[in-house]
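**Student:** Sharing a structure with you now.
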Amino acid sequence: MIMAYNKLTLEDVKEIREEYEYRSSTLKAQIAIEKMTAAAHGDRSENAEYKEAMRNYHKNQSRLEYLSKMLNTATIIDDTNLNKNILHVNSVVMIKFVEENELEEIVLTTTLKANPSKYLISIESPLGSALLGKKVGDEVKVDSPEGVYSILVHEIIK
């Protein structure tokens, strides 16, 4: 039985498939040419170009395995026709950190696009999962590795 891990939108799946296709065809062929060219230079044990080509090969193979796992184990989220009054993937929301009385605009996103430094918060993170399904005025407790804190849904921007 395959377990579902990450939640992905149809757009995420499309991007992963495109990257997988590129890596498994175009990039794989480029790396093969690099390996053959470097191998032609002689002794592979002291051939820096060959070692670099092999690192590129292993890096690409590792990424292909990761992408394949993402596709094979993901739960697909239909992010079309969602209620705009409830927080969901791709919602842009103004939240208030209750204890600090600070407002912050964040975007709820899938793990694939998460980047906390740019306020792109995964719906699978403690903050994102606590906010998912909430509406303006809801206050939630977020249980994070740093401790428990309160968030108020101040405004749904999009």
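The values are calculated or read from the model by the stated rules, or taken from the named source; none is laboratory data. Please read all numbers here as calculations on a predicted model, not as lab measurements. Counting neighbours? That spans all protein chains shown, and the Cβs are built from the backbone with ideal geometry, glycine included.
**Student:** Could you check, for segment 133-150, whether at least one of its residues is over 19 Å from residue 5 (Cα atoms), surrounded by 12 or more Cβ atoms within 10 Å (Cβ to Cβ), of a type outside the set (Ser, Thr, Tyr) and assigned by TED's automatic domain parsing to the domain that holds residue 16?
**Tutor:** Checked against the condition, which is being over 19 Å from residue 5 (Cα atoms), surrounded by 12 or more Cβ atoms within 10 Å (Cβ to Cβ), of a type outside the set (Ser, Thr, Tyr) and assigned by TED's automatic domain parsing to the domain that holds residue 16, segment 133-150 yields no hits at all.
Residues are listed down the side, and each one gets a yes or a no for (1) surrounded by fewer than 15 Cβ atoms within 10 Å (Cβ to Cβ); (2) within 19 Å of residue 15 (Cα to Cα); (3) aromatic (Phe, Trp, Tyr):
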{"site": "51", "(1), (2), (3)": "yes, no, no"}
{"site": "65", "(1), (2), (3)": "yes, yes, no"}
{"site": "76", "(1), (2), (3)": "yes, yes, no"}
{"site": "87", "(1), (2), (3)": "no, no, no"}
{"site": "95", "(1), (2), (3)": "no, no, no"}
{"site": "104", "(1), (2), (3)": "yes, no, no"}
{"site": "115", "(1), (2), (3)": "yes, yes, no"}
{"site": "122", "(1), (2), (3)": "no, yes, no"}
{"site": "126", "(1), (2), (3)": "no, no, no"}
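**Student:** Which of the residues belonging to segment 65-88 are over 23 Å from residue 156 (Cβ atoms) and in contact with an Asp or Glu (Cβ under 9 Å, 6 or more places away or on another chain)?
**Tutor:** Correct list: 67, 70, 74, 76.
**Student:** With (1) aliphatic (A, V, I, L, M); (2) in a loop (DSSP other than H, G, I, E, B); (3) under 21 Å from the mean Cα position of the chain (by Cα) as the list, and residue 67 as the residue in question, which single condition is left unmet?
**Tutor:** Going through (1) aliphatic (A, V, I, L, M); (2) in a loop (DSSP other than H, G, I, E, B); (3) under 21 Å from the mean Cα position of the chain (by Cα) one by one, residue 67 breaks only (2).
**Student:** Moving to a separate point now. Take residue 16 and tell me if it is modelled with pLDDT of 90 or more, more than 27 Å from residue 143 (Cβ to Cβ) and touching a strand residue (DSSP E or B) at 6+ places or on another chain (Cβ under 9 Å).
**Tutor:** Here the answer is yes, as residue 16 does meet what is asked.
**Student:** For segment 27-52, name all the residues that are hydrophobic (A, V, I, L, M, F, W, C) and under 25 Å from residue 16 (Cβ atoms).
**Tutor:** 27, 29, 31, 32
**Student:** Check whether at least one residue in segment 54-76 is touching a strand residue (DSSP E or B) at 6+ places or on another chain (Cβ under 6 Å), on the phi < 0 side of the Ramachandran plot and of a type outside the set (Val, Ile, Thr), and report yes or no.
**Tutor:** Yes, because at least one residue in segment 54-76 is touching a strand residue (DSSP E or B) at 6+ places or on another chain (Cβ under 6 Å), on the phi < 0 side of the Ramachandran plot and of a type outside the set (Val, Ile, Thr).
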